[in-house]
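Take this structure first; my questions come after.
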There are 2 protein chains.
Amino acid sequence: MASLKSIYGSADPEKAGLNSNFNVDYVIHYQFPQTDTTEAEARFVQLIESLATVGLATEVRRGDKSSLLVFVKIASEDFLKSQIYRYRVQDWLYGVRTNAPSKDLAAYFEAEPVTDAERLRLVYLLITKPKNEGGAGVTPKVGQWKNVASVFPLHNHAFNRDWIKRWSTKYVLDANDLNEIRDKFGEKIAFYFAFLQSYFTFLLFPACFGFGAWLILGQFSWFYAIVNSLWCVVFFEYWKKKEADLAVEWGVRGVSKIQLPRPQFQWEREAQDPVTGEVVKVYSPFKRLQRQLLQVPFAVACLAALGSLIATCFSIEIFISEVYNGPFKQYLVFLPTVLLTVLMPTLSTILTDLAERLTAFENYDTEDAHKAAFVQKIFVLNFITSYTPIFLTAFVYVPFGRVLVPYLDIWRATAQRFTKEGKVETVDFKINPDRLTKQIIYFTVTAQIVNFLLEVVVPYAKRKAFRAVKEVQTEILSKNEDALPKDPEEEAAFLARVRNEAELDEYDVTVDYREMVVQFGYLSLFSVIFPLTACSFLVNNWIEARSDAMKIAIGSKRPIPWRADSIGPWLTPLGFLAWLGSLTSAALVFLFSGNGHGPDGHPSNIKLWGLLLSILLAEHLYLVVQQVVRYVINKMDSPGLQKERAERFQMRKHLLQETVGAEVAETGPGFKGGEKITREALEEEARQQSIKGHGTPEETFWQRQRGAAETIQIGRKMISEVSSSNKTTTARE
Amino acid sequence: MASLKSIYGSADPEKAGLNSNFNVDYVIHYQFPQTDTTEAEARFVQLIESLATVGLATEVRRGDKSSLLVFVKIASEDFLKSQIYRYRVQDWLYGVRTNAPSKDLAAYFEAEPVTDAERLRLVYLLITKPKNEGGAGVTPKVGQWKNVASVFPLHNHAFNRDWIKRWSTKYVLDANDLNEIRDKFGEKIAFYFAFLQSYFTFLLFPACFGFGAWLILGQFSWFYAIVNSLWCVVFFEYWKKKEADLAVEWGVRGVSKIQLPRPQFQWEREAQDPVTGEVVKVYSPFKRLQRQLLQVPFAVACLAALGSLIATCFSIEIFISEVYNGPFKQYLVFLPTVLLTVLMPTLSTILTDLAERLTAFENYDTEDAHKAAFVQKIFVLNFITSYTPIFLTAFVYVPFGRVLVPYLDIWRATAQRFTKEGKVETVDFKINPDRLTKQIIYFTVTAQIVNFLLEVVVPYAKRKAFRAVKEVQTEILSKNEDALPKDPEEEAAFLARVRNEAELDEYDVTVDYREMVVQFGYLSLFSVIFPLTACSFLVNNWIEARSDAMKIAIGSKRPIPWRADSIGPWLTPLGFLAWLGSLTSAALVFLFSGNGHGPDGHPSNIKLWGLLLSILLAEHLYLVVQQVVRYVINKMDSPGLQKERAERFQMRKHLLQETVGAEVAETGPGFKGGEKITREALEEEARQQSIKGHGTPEETFWQRQRGAAETIQIGRKMISEVSSSNKTTTARE
């Protein structure tokens, strides 16, 4: 928490410029080359003019040596409200809001005040939307605006300080905490924390149960596997419901329908939107589908590249640690790790880049669709890098070890080249039964800690170092006679702080989601190997929530508060991992449960049909349980969805009463439908008809009995006739 | 088509009373015991009074010997319209209609006229709804109204005649045909025909492909299996979309939310409906869930009872046809068939009755939920009775035949008791390789024809016979001196016709759905055995549609035109069968494809792991393909859903303009937001602020640069300063 203290603890907030944002909505970080200033000036003028045209006030201050900070705020509160009103109307048109905005403005904004997030989102849209849609069209780093390094809102440090302090002293985040996040950082980030919190709470069960299982059942227990799979299903189905509920509560359900257009989208033709009637740009979905099919070779390529790298390193490691017995063994064991550490990030970067290009090539029209497609590919990459080593150990090394190890002779041959004697000392190969357990402990405990350090400590250190360099630079600069003029005293601290914030990275919630989903995967796929997995994750996730909060509050620029109505593209991987877990758990239990150490490396000792049968059974058990859980959870009260339906119903009722009048809505216009139709009225009508009647067969038919009384009379006669005729017949007989 | 001719062809329609319904909406068939007429009379009086109170006009006529026909029509057209208006408002409140009913009544009913189905549905509700909800509370056959045998609308024979004629001369039903059905018989039945039509059209492909496969690939082709599975997925996913589209087109989407309460429902407590705010009766869903769990033992019991019956008959059949070689063999082979024919319907009836009781015990609050739960159980029953014989042959008889046949000795022992010599001649058992093919041909061709005969010819014959008996009775009666008085001449034909209709069965669409779903199951599960299956079904279904139409038009009472927004509970079985098809096809191909005749009865010759692997692969291929097909189909334009969204959007827009005014809706109230915010306006505002300003740091910050012009000027200065300082530095160095 050193980082926290350094910002919020020791320094005087006033001095650090943390107490006020000077009403600034956004800061535009304008970087220009130090040489060619003419173009930079021209662009700058364009920038300020564009902003002014859409009603944004600007102030410019010096940034660092070759950049300016343009402070932007919305010029008039009235204009802001008119914008917000317009967006809320749009929400209502798309069915996101259940209540139409009312005409009485003061009361309306009193009842539904503007949140920080709403204000910031709208101002951001005003800055970045294309000019023909009423925005300033400033798209950072792209085309004309390549000098605009970033457009970012300023942190509310008073809130952040409070937030971090509160969270670090409580165990469980409640609805209020999430609402605060939502009001400050938007629903997209609030959804991440909501997910994290739900996941954390749900982890309590497998943590306790896993601890018990570890004590009593040991590893590879089929009972643990079943309970764990069941838990995965329940969590997944619960979250789907919770997500919808939250979306309603936050008033964003269906917001994913209102899409942010992607500026890079290339359209083929214009067409009328069948829903709104507006002209929209269209790209043939079938062409896109063809391009999407490239995902299949992409996935294969990823598997081939990453898989062969991992497999190679894996085999080297096995050779060195379990076959090789020559000199430098204690150093050589690190060789595969070094190889992985060097090559894996390189390969990952290349493939991520490829994924990015592929996604761009698929040419989505909205940011959400683009992001979702990208996430899909990223998930494939992460799936391979995260789980392949364990798959290799469990399903290749252990069962096929003895068969495959002779092929490791290529490493022996390689090694022989490097030794003088031309001979490499080896020991007899034996399957190392603890390898799998060790590996899983590494991934679920060690790696989590390493990850935490990478995520929190490294950026902090980097920032410290970076800042120190800057300070030295500034010192050198100030020693120069032509130092840049000083900031006005009352702004100096604030400006210094803004310059720091401008240097921070942008926060990407995708990274954090990815981490959690991959973690969930370890739990679902492999925790039967090491039942304490969930305990480790429980601890980790408590810290994770706080460190993510710190990352947002201190380690990143304040994020643009986007809206979202779910965790979006991460739901599918979650469901996929839960399902796959049923398969791998069954396979692991079948392979390893006998002696706890699995087969001895001879594949012939495995009953393949038994393995397949356990997988088949486990999977179908999973699918059946999923249906049941889904059914039960859907039966449970869902406060959010219920609220939404009730609101819609009331809205309709209200509108109906407003348009056609309360009484009419009940009975229909022009009728005295409310009054009981009496027998008299009916008879009167019949009489009327008989007067008008022209004697058609129909009229004759209906006039035989005038009114109910006659019908009754005649009917009774008919009944008694039958009875009497019966009696006659009986008497005669 | 004898039946058609006898009603519509030869006889003069005028004479047959087919041309007019005398404006009758409903006929209530009131049966009374011939002995105790006092109570019958009292009940009759109650009936007519109840009907009169809710605005229904009545006429009574003689039925048969001990029954009356009460003709009912709504007393006033205005009252009808007020009722319809009220129901349409309800539809709108529940979101079924996208447009709120308008105030201008004449124009409204001009634009959206009342269909036959709507009128009949409402009158039926008026007759049957409880008194406290404004109905007459007449529930046929239940409690107080046990004398009311049925409440039914009269056929529109002019339409029916036309309908049957048209359909019997065209190959494909189009949207108009379905719309007509919908207008006359309601959406529930229209959905059945829509499904049948879609299924028929889709069958063209497997019929052609199957014919080709039969010629070229033969039986048990893996290629056929894959194509067939793919077809099942496509059809299933297509229908799901089509169903939603149709619901929108017919204006019934979401109508399943408006539930018809089930009178037999027993409630625990009253609660407020969270959506509408009305008081509703509630039964704890968790108690119901407990009761629903009884379905599991029920399914097991069905499987045990039906399964053992089938297995027993099956084993007897095998013994007699393939082992036994003694006397009377040619007669004895029919023994199992006789046993099945006698015992199966008995057992089925018992189990159906049990299913009915179980469903009632589950205590659903709405008719739809009750029906759905019942359908679920019926499906289990039908699944067992329809497919068990083939499962037994394919997966027990063929692979395990040689192992199991020795156990058939109990039949030999049984047989020995009946023979004098105490010895039974037998032959050596050999697996009969054609048994499976013969069996599937029986189920997909012979049984379909038998079924058609049972469905159409038998009821017709029954009716003919029944009517003949009646005529004789009447003749005898008319010979009696105290014969009942004759009908008025102008009504005689009509009344005779109504008396006939009163005797007809009620049409139950469930039976027809069941038939189609079971048929789809044969195609999905077993058609790899006999690729011509779809050809047989194609022919059968062309006839099926016409014979179902005839069944409705001539063979049944006119059905109550209920609404529906889908094929309801039948969708799940359909999906289940498509999925299961991928498993069985894979298994069949694996077991039988080698020599075309499967294993030789020795289970040891089967590679179990190979079987399991093919099943596993096939299933996952199926699941993947399903996701892809779903994705692609969802990408395709869906005219219905699009139309619905567009209507909702327009409705909202319209309402908004109505409530807050067109201009306000665009810009927000009280703003001149439409006008461009100019730089001048902005500067003016800044000036205003500086006048009001109290010199807070914020104000000072924003007043350093007044307006964009100053910002530009200062920014340019800063940029050029950097450039010049650079030059200075460079110069100095």
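The values are calculated or read from the model by the stated rules, or taken from the named source; none is laboratory data. Just so we're clear, the structure is a prediction, and the values are computed from it rather than from any experiment. Here the Cβ is made from the backbone with ideal geometry for all residues, glycine too, and neighbour counts use every protein chain on show. All accessible areas refer to the heavy atoms of the entire protein, side chains included, with ligands and DNA or RNA removed. Shrake-Rupley method; radii C 1.70, N 1.55, O 1.52, S 1.80 Å.
Pull up the stretch B:299-309, narrow it to residues that are surrounded by fewer than 20 Cβ atoms within 10 Å (Cβ to Cβ) and in contact (Cβ under 8 Å) with a residue 60 or more places away in the chain, then point me to the one that is farthest from B:Met344 (Cα to Cα).
B:Ala299
Looking for something more than 14 Å from chain A (Cβ to nearest Cβ), surrounded by 12 or more Cβ atoms within 10 Å (Cβ to Cβ), in contact (Cβ under 8 Å) with a residue 40 or more places away in the chain and in contact with a Phe, Trp or Tyr (Cβ under 9 Å, 6 or more places away or on another chain) - is there at least one such residue anywhere in the stretch B:288-297?
Yes, because at least one residue in the stretch B:288-297 is more than 14 Å from chain A (Cβ to nearest Cβ), surrounded by 12 or more Cβ atoms within 10 Å (Cβ to Cβ), in contact (Cβ under 8 Å) with a residue 40 or more places away in the chain and in contact with a Phe, Trp or Tyr (Cβ under 9 Å, 6 or more places away or on another chain).
Looking at the stretch A:54-74 only, could you name the residues that are part of a loop (DSSP other than H, G, I, E, B) and either in contact with a strand residue (DSSP E or B) (Cβ under 9 Å, 6 or more places away or on another chain) or without any contact (Cβ under 8 Å) to a residue 60 or more places away in the chain (or both)?
Selection gives A:Gly55, A:Gly63, A:Asp64, A:Ser66.
Another question about this same structure. Among the numbered criteria (1) loosely packed, with under 14 Cβ neighbours inside 10 Å; (2) among the hydrophobic types (A, V, I, L, M, F, W, C); (3) at pLDDT 80 or above, which single criterion is violated by A:Ile476?
(3)
Tell me yes or no: at least one residue of the stretch A:679-686 is at pLDDT below 60, within 29 Å of A:Gln703 (Cβ to Cβ) and part of a loop (DSSP other than H, G, I, E, B).
no
Ok, one more. Quick check, is A:Ala16 facing chain B (nearest Cβ under 7 Å) and either at pLDDT below 80 or open to solvent by 50 Å² or more (accessible area, probe 1.4 Å) (or both)?
no
Quickly run through the stretch B:563-582 and pick out the residues that are closer than 16 Å to B:Trp231 by Cβ and open to solvent by 20 Å² or more (accessible area, probe 1.4 Å).
If we filter the stretch B:563-582 for residues that are closer than 16 Å to B:Trp231 by Cβ, which is where we start, we get B:574-575, B:577-582.
Across the stretch B:563-582, the qualifying residues are B:Trp579, B:Leu580.
Go through the stretch B:150-179 residue by residue and tally those that are modelled with pLDDT of 90 or more, open to solvent by less than 20 Å² (accessible area, probe 1.4 Å) and farther than 19 Å from B:Asn541 by Cα.
Of the residues in the stretch B:150-179, 7 are modelled with pLDDT of 90 or more, open to solvent by less than 20 Å² (accessible area, probe 1.4 Å) and farther than 19 Å from B:Asn541 by Cα.
Shifting gears a bit: Give the number of residues within the stretch A:198-217 that are open to solvent by less than 20 Å² (accessible area, probe 1.4 Å) and either touching a residue at least 60 places away in the same chain (Cβ under 8 Å) or outside any helix (DSSP H, G or I) (or both).
6
Any chance the stretch A:35-47 includes a residue that's in a loop (DSSP other than H, G, I, E, B), free of Cβ contacts under 8 Å to residues at least 40 places away in the same chain and open to solvent by 10 Å² or more (accessible area, probe 1.4 Å)? I'd like the intermediate steps shown before the answer.
As a first pass, look at the stretch A:35-47 and keep what is in a loop (DSSP other than H, G, I, E, B): A:35-36.
Filter once more, keeping what is free of Cβ contacts under 8 Å to residues at least 40 places away in the same chain: A:35-36.
In the following step, the residues that additionally are open to solvent by 10 Å² or more (accessible area, probe 1.4 Å) were identified as A:35-36.
Yes, the stretch A:35-47 contains at least one residue that is in a loop (DSSP other than H, G, I, E, B), free of Cβ contacts under 8 Å to residues at least 40 places away in the same chain and open to solvent by 10 Å² or more (accessible area, probe 1.4 Å).
Name every residue in the stretch A:399-421 that is among the hydrophobic types (A, V, I, L, M, F, W, C) and either open to solvent by 80 Å² or more (accessible area, probe 1.4 Å) or at pLDDT 75 or above (or both), in order of residue number. Break it down into steps so the answer makes sense when it comes.
To start, the set of residues in the stretch A:399-421 that are among the hydrophobic types (A, V, I, L, M, F, W, C) comprises A:400, A:403-405, A:408, A:410-411, A:413, A:415, A:418.
Within the stretch A:399-421, A:Phe400, A:Val403, A:Leu404, A:Val405, A:Leu408, A:Ile410, A:Trp411, A:Ala413, A:Phe418 meet the criteria.
Just to be sure I understand, how many residues within the stretch A:610-631 are more than 13 Å from A:Ala586 (Cα to Cα) and touching a helix residue (DSSP H, G or I) at 6+ places or on another chain (Cβ under 7 Å)?
Taking the stretch A:610-631 as the starting set, the residues that turn out to be more than 13 Å from A:Ala586 (Cα to Cα) are A:623-631.
Those left that are additionally touching a helix residue (DSSP H, G or I) at 6+ places or on another chain (Cβ under 7 Å): A:625-626, A:629-630.
Residues flagged as more than 13 Å from A:Ala586 (Cα to Cα) and touching a helix residue (DSSP H, G or I) at 6+ places or on another chain (Cβ under 7 Å) within the stretch A:610-631 amount to 4.
Something else now. With respect to B:Phe109, determine if the residue is more than 10 Å from every other protein chain (Cβ to nearest Cβ) and more than 30 Å from B:Leu656 (Cα to Cα).
No.
Oh, and also: Among A:Val114, A:Val72, A:Val54, which is more than 8 Å from every other protein chain (Cβ to nearest Cβ), at pLDDT below 90 and within 30 Å of A:Lys257 (Cβ to Cβ)?
A:Val114
Name the residues in the stretch B:422-453 that are open to solvent by 70 Å² or more (accessible area, probe 1.4 Å) and within 17 Å of B:Phe520 (Cα to Cα), would you?
Correct list: B:Tyr442, B:Ile449.
What about B:Lys103, is it within 13 Å of chain A (Cβ to nearest Cβ), under 21 Å from B:Lys653 (Cβ atoms) and either of a type outside the set (Ser, Thr, Tyr) or touching a Gly at 6+ places or on another chain (Cβ under 7 Å) (or both)?
yes
Taking the stretch B:234-271 only, how many residues are assigned to a strand (DSSP E or B) and touching a Pro at 6+ places or on another chain (Cβ under 9 Å)?
Adding up the residues that qualify gives 1.
Looking at the stretch A:707-725 only, could you name the residues that are surrounded by fewer than 16 Cβ atoms within 10 Å (Cβ to Cβ) and either acidic (Asp, Glu) or more than 7 Å from chain B (Cβ to nearest Cβ) (or both)?
Correct list: A:Ala709, A:Gln713, A:Lys717, A:Glu721, A:Ser724.
Follow-up question, since we're still on this one. Is it the case, given these coordinates, that A:Leu504 is buried (at least 20 other Cβ atoms within 10 Å of the Cβ), more than 16 Å from the chain's Cα centre (by Cα) and not aromatic (Phe, Trp, Tyr)? Even if it seems obvious, please write down each step before you answer.
Numbers: buried (at least 20 other Cβ atoms within 10 Å of the Cβ): no; more than 16 Å from the chain's Cα centre (by Cα): yes; not aromatic (Phe, Trp, Tyr): yes.
It is false that A:Leu504 is buried (at least 20 other Cβ atoms within 10 Å of the Cβ), more than 16 Å from the chain's Cα centre (by Cα) and not aromatic (Phe, Trp, Tyr).
Quick check: is even one residue across the stretch B:111-122 among the charged types (D, E, K, R), over 29 Å from B:Phe494 (Cβ atoms), over 25 Å from the mean Cα position of the chain (by Cα) and surrounded by fewer than 15 Cβ atoms within 10 Å (Cβ to Cβ)?
no
Go through the stretch B:322-347 and give me each residue that's touching a residue at least 40 places away in the same chain (Cβ under 8 Å) and open to solvent by less than 60 Å² (accessible area, probe 1.4 Å).
The answer is B:Glu322, B:Val323, B:Tyr324, B:Gly326, B:Met344, B:Leu347.
Which members of the stretch A:431-456 meet the condition of being hydroxyl-bearing (Ser, Thr, Tyr) and touching a Ser or Thr at 6+ places or on another chain (Cβ under 8 Å)?
The answer is A:Thr444, and nothing else.
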